[in-house]
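Following: one structure in structure tokens, then a few remarks.
Each reported figure results from applying straightforward, stated rules to the coordinates on display, with no laboratory input. Owing to the predicted nature of the structure, the values given are computational and were not obtained by experimental measurement. Because the Cβ atoms are built from the backbone with ideal geometry, glycine has one as well, and the counts that use them run over all protein chains shown.
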Amino acid sequence: MSSVHIRINGREYQVACDDGQEEQLKFLSHEVDERVRHLLRGMGTNPGEVMALLLTSLTMADEIIENKQEIESIAAEVQRLASLVNNDRKLEQDDRMVEIENAMAVTLEEIAIRIEKIADRIELG
């Protein structure tokens, strides 16, 4: 277990994290710090550290939910398109099967004609 010093809105915190996650935690804390500072600049008055962190958390949670909904929408569209592709492939396979069946029918007709000719020769012979 590691420990990382982070700074959010000018205040330092020491946060524990799994080994190897230090850089990710620093990156995330930088994102939170930027958002808190942006929020405070836009408010004009300082609502206090806890309220600033709460509002930032709510904003980030809202973005997460919107992103999840967008991901679900994209996943549904991908699934719909995949279904269309599969249907097209099935139609292509069906078309190919019809072609094969037609070719087999022509071949069988040709074989039948050859057999009739051989039978005719045998009868004449």
Among Ile122, Thr45, Ser83, pick out the residue whose Cα is farthest towards the positive end of the charge dipole of the chain, where Lys and Arg carry +1 and Asp and Glu carry -1 on C-beta, about the Cα centre.
Thr45
With a sphere of radius 13 Å drawn around the Cβ of Ser2, what net charge do the other residues whose Cβ falls strictly inside it have (Lys, Arg +1; Asp, Glu -1)?
-3
Dipole of the chain, Cα-centred, from +1 at each Lys and Arg C-beta and -1 at each Asp and Glu C-beta, to the nearest 20 debye?
540
Would you kindly derive the ³J(HN,Hα) couplings of segment 60-68 from the backbone phi angles with the Karplus curve 6.51 cos²θ - 1.76 cosθ + 1.60 (θ = phi - 60°), listing them in order in whole Hz, with x for Gly and Pro?
5, 4, 4, 4, 4, 5, 4, 5, 4
Segment 4-26 and segment 29-90: distance between their alpha carbon centers, rounded to Å
22
Could I have the simple spin-label model distance between Glu22 and Leu55, label points 7 Å from Cα toward Cβ, reported in nm to one decimal?
3.4
Relative contact order %, segment 2-90, counting alpha carbon pairs below 8 Å whose residues are six or more apart:
18
Quote the charge dipole size of segment 1-54 about the Cα centre in Debye, to the nearest 20; the model charges only the Cβ of Lys and Arg (+1) and of Asp and Glu (-1).
380
Whether segment 2-90 is rounded, prolate or oblate, judged on the alpha carbon gyration tensor where a/c under 1.5 counts as rounded:
oblate
Would you mind checking which residues have amide H under 5 Å from Ile8's amide H? H placed 1.01 Å from N; only 5 or more apart, or other chain.
Tyr13
Which value in deg cm²/dmol, rounded to the nearest 500, describes the helix-derived mean residue ellipticity at 222 nm for the chain, given -39,500 (n - 2.57) per DSSP H run of n ≥ 4 and division by the residue count?
-29500 deg cm²/dmol
Formal net charge of residues neighbouring Gln69 (Cβ-Cβ distance under 12 Å; K, R +1; D, E -1)
-4
